[in-house]
Every structure is written in structure tokens, then in C-alpha cells.
Amino acid sequence: MFVDRIKVFAQAGDGGRGCVSFRREKFVPRGGPDGGDGGRGGDIILRADVHTDNLSNLFYEPIIKAKSGVHGQGKKKHGRAALPKIVKVPVGTIVYPAPAPVPRNEDDFDETPPAPEIVKSNNDAKTEVARPIADLAHDGEEFVLCKGGGGGKGNVHFKSSRNRAPVQYTEGEEGEQGHFLLELRTIADAALVGYPNAGKSTLLGKISAAHPKVASYPFTTLHPVVGVIDFDGYRRAAIADIPGLIEGAHRNVGLGHDFLRHITRCRILLFILDIAGSEGRSPIADLQNLRREIDLYDPRLSARPWYVVANKMDLPDATENLRALKQRFPGLEVLPISAEQSEGLTELKDALERWFFAGQPAEFREQAAQTAAAARCE
Ligand SMILES: Nc1nc2c(ncn2[C@@H]2O[C@H](COP(=O)(O)OP(=O)(O)OP(=O)(O)O)[C@@H](O)[C@H]2O)c(=O)[nH]1
Ligand SMILES: [Mg+2]
């Protein structure tokens, strides 16, 4: 199961209570207070982990609770602090505060919790999301979602010259708790964008170690798959294969909209075209529609550097269509390949290496400016 958006309730552990106790020992009359402190409650920590690729572990555990600290004891013994509860999440997880679910019978509750601050999302004006509180973008990065409560004080803290046998103590603090929305935005160097059946998964399977499902029906890929390509000198780059886009994807037609968010953090977009037009569509119109969808979803996304990969060059009509595409958009860098026949893949890998590693930030900016001008492909 692939889960990339989930609401969870998290509750950190409470602190242990302080102890009221007096020293009782042979030959030590009126030994004085010796109640120890309570231990700290456990924190709830989210940790980004490269070996976790989605949030399905939280689907089975949507209520995350950490243990409470142990109460203090006599002889000034402190209670044991609880260990933090560490939840592994995929790299690229963003955390938002979420409103508590509305109870069924509102009369049962005195007050509803305050709603979090609401801001308009940049991607979709129709949905409103709260401001993110954390973005776990690197492997091993940690975020304390809820802090455990501090331990209470034992009666040993309350002795004074006027109160030699105090019976005061404090309760441990309550651990923090709250509702959160966790959303995954895959982090990859490049994303494969194309119509269903364009051959995105076939290509990813050929150039990386990933094994995405390939079949001749549309929407074979139902969730993003990330593959890693190894280059010389131990350099690597991650490529994300997302489900196929169709016209209207920005309006949530097909599977598109939900998965477009996964390419918002990719540096480069690779448009995979079925250059042979094997399903009766024109590759030129395909490219225009894909560019339009990306632009309508988020104009900042369409300003990213992008390249066109013309797939299915082994089929008839492909050469003619490629010539027409180049004529229609002169200056556009198009790489002809046949993913199935493994043709042109070495050239593609060389080009990827150039785009990923040779491209200085300034060069990328320049290219982004150029591509932004041609963004609408009109
Ligand atoms: N002739 C030919 N067929 C290809 C080529 N690349 C892919 N195919 C075929 O096209 C069909 C779709 O390939 P996929 O890789 O599943 O396409 P996709 O873009 O991932 O499709 P979705 O996951 O549905 O979006 C499969 O039957 C492949 O065998 C190619 O270079 N030449
Ligand atoms: Mg696929």
C-alpha cells in the first residue's frame, strides 16, 4: 500500500509524579524527607529515513503515543525517564498542524479546539492548508512532534527550616499532544512526466535499478516510484516516475493532481512523449497539453528546466513525427530513444549526467529563464 497523506494524533508521555517519603532507618530518628522526582515523559520524534518510501506504517498506527515517566520513589530515587518514540518517515515528509476531528455529538464537549492558522496553498487555490511546521528533507533529520512532560518534584525539594517534614510534591507535567497532517513530497533530481502508456516506467526500469510495473494499459503506475541512477565517480541521481497525466489533471482528472505534488521538488522535468503517436494522439499536442497542465498546476513548476525525451522511436511514423516536433519547436532539446529496445539510453544517461552535475546554478537559472519563455509551447 502506498500512503502519501495521512492524519495522525500524537501524544507524548506525561512526566512521573514526585514522591512523598521520609527516611526511616535504625538509629536515625526524624530522618527527614527523601521523596525523589518523577522521570520525564517520552518525546515523539519523526525521523526521516531513506529506507522508508511512504507513510503506510502510520496507516496502521494513526495514534502515536509515547510512554510516561516513572514516578519518583523513596530514598531520593528518581523515576526513570521514558524513551522517546521514534517514528520513521520518508525523506520529503512535510508536517502540518491539523484541526481535531469534529466530534459526533458536539454537545458532549464544552469547547472545540482552536483551528490552526489557515493559508491558501500555492498549488491549488481551492484547497486551503495550514502553514507547515516541519519539512524533513534530509536523511536522518529529526523533528520533535510532541515534547514529553517534565517529571514532578519529590518532597525533598520542599524542606526548609520551618517545614522539616513537608508533604508537598508536584505532579508530572502533561506531555504535548495534537493532530497533524503528514504529507509526502518526493525528493528526486528529475521527474518523468508524460501521458499514460508513454513508456515512463519502461524507461525508469532500463536506466535505474528500480522495477516499476510495465503494461500496455493506461494508469499502470498508481503511485510514484523513485529509481536511482549510478554515474561514474560514485555519483548518483534519483528519478521519480509518477502516474500518467491527462488533460485536466490540474482539475484532478485522472490520477494526475494528487501526484503532481510529488514533482514539485524535482530539479528537472523530463517530458516523455510517445513520438510514434501509437495511441492516435499527436506528440506535438501531447507536449503542449502536458506543459499547460504543469503550468496551470503551478507556474513555478513550469519554470523549472525541462527536456523532452521522444520515446518509441522503433515504431513507424516516429521519425516523421520527430522531424515535425523539432520543426514546430526549434531550439528545444529532444532526445530520441526507444526504451523497449534500449536504444539511445547511453546518450540519455550522458545528457542526464550533464544536466545534473555539470549544470552550475547560474547555468540552471539561465536555462530556467529560457524555458520559462517557451513554457507554454505555443
Ligand atoms: N514499441 C515500443 N513500445 C514501448 C516502448 N516503451 C514502452 N513501450 C510499451 O508501452 C506500454 C506502456 O509502457 P509503460 O512503461 O507501462 O508506460 P507508462 O508511461 O509507465 O504508463 P502509465 O504507468 O500507465 O502512466 C508497454 O506495453 C510498453 O511495452 C518503446 O520504446 N517502444
Ligand atoms: Mg508507468
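None of the figures in this text is laboratory data; all of them are computed from the coordinates on show. Predicted model only: the values in this text are computed from it and were never measured. Ideal geometry is used to build each Cβ from the backbone, glycine not excepted, and the neighbour counts take in all protein chains shown.
By the combined test of axial Cα extent (at least 20 Å) and Kyte-Doolittle hydropathy (mean at least -0.5), the qualifying DSSP H helices of the chain come to 283-297. Summary of the geometry: region 335-349 and region 185-216, compared by the centres of their Cα atoms, lie 14 Å apart.
Here the chain is treated with +1 on each Lys and Arg Cβ and -1 on each Asp and Glu Cβ, and its dipole about the Cα centre works out to around 2220 debye.
Length available on full extension from T319 to E25: 0.36 nm per residue minus the Cα-Cα distance, which gives 96.1 nm. Computed packing ranks the peptides 287-297, 304-314 as 304-314, 287-297, most packed first, by mean other Cβ atoms within 10 Å.
Stick to Cα atoms and the Kirkwood definition of Rh, then tell me Rg/Rh for region 190-373. Rg divided by Rh gives 0.93. Checking every one of the chymotrypsin sites (Phe, Trp or Tyr not before Pro) in region 1-100 against DSSP loop status and a limit of 13 other Cβ atoms within 10 Å picks out F2, F27, Y60. Placing a pseudo-label 7 Å from each Cα along the Cα-to-Cβ vector at L83 and H138 gives an inter-label distance of 2.6 nm. For the chain, taking Cα atoms only, Rg and Dmax work out to 28.8, 105 Å respectively. Ordering of 45-56, 131-142, 262-273 by packing is 262-273, 45-56, 131-142, highest average first (other Cβ atoms within 10 Å, averaged per residue). Placing dummy labels 7 Å off each Cα toward the beta-carbon, the span from R5 to A165 is 6.5 nm.
For the pairs K88/K349; K75/K153; K88/K206, note any where the Cα-Cα span goes beyond 23 Å. Pairs exceeding the cut-off: K88/K349; K88/K206.
Can you tell me how region 142-271 classifies by the Cα gyration tensor, rounded, prolate or oblate, using a/c under 1.5 as the rounded cut?
Prolate.
Would you please classify the overall shape of region 47-104 from the alpha carbon gyration tensor, given that a ≥ b ≥ c denote the square roots of the eigenvalues, rounded means a/c under 1.5, and beyond that prolate means a/b larger than b/c while oblate covers the rest? Cα axes put region 47-104 in the oblate bin.
For region 190-373, relative contact order (Cα pairs under 8 Å, six or more residues apart, normalised by length) works out to 20 percent. Sorted largest first, the spans of the alpha carbon positions of region 1-185 along the three principal axes are 75, 44, 26 Å. Electrostatic bookkeeping for K312 treats Lys and Arg as +1 and Asp and Glu as -1; over the other residues with beta carbon under 9 Å from its beta carbon, the sum is -3. Of all DSSP bridge pairs formed entirely within the chain, close to 55 percent run antiparallel. Among T221, T170, the ranking by other beta carbons within 10 Å of each residue's beta carbon, starting with the fewest, stands as T170, T221.
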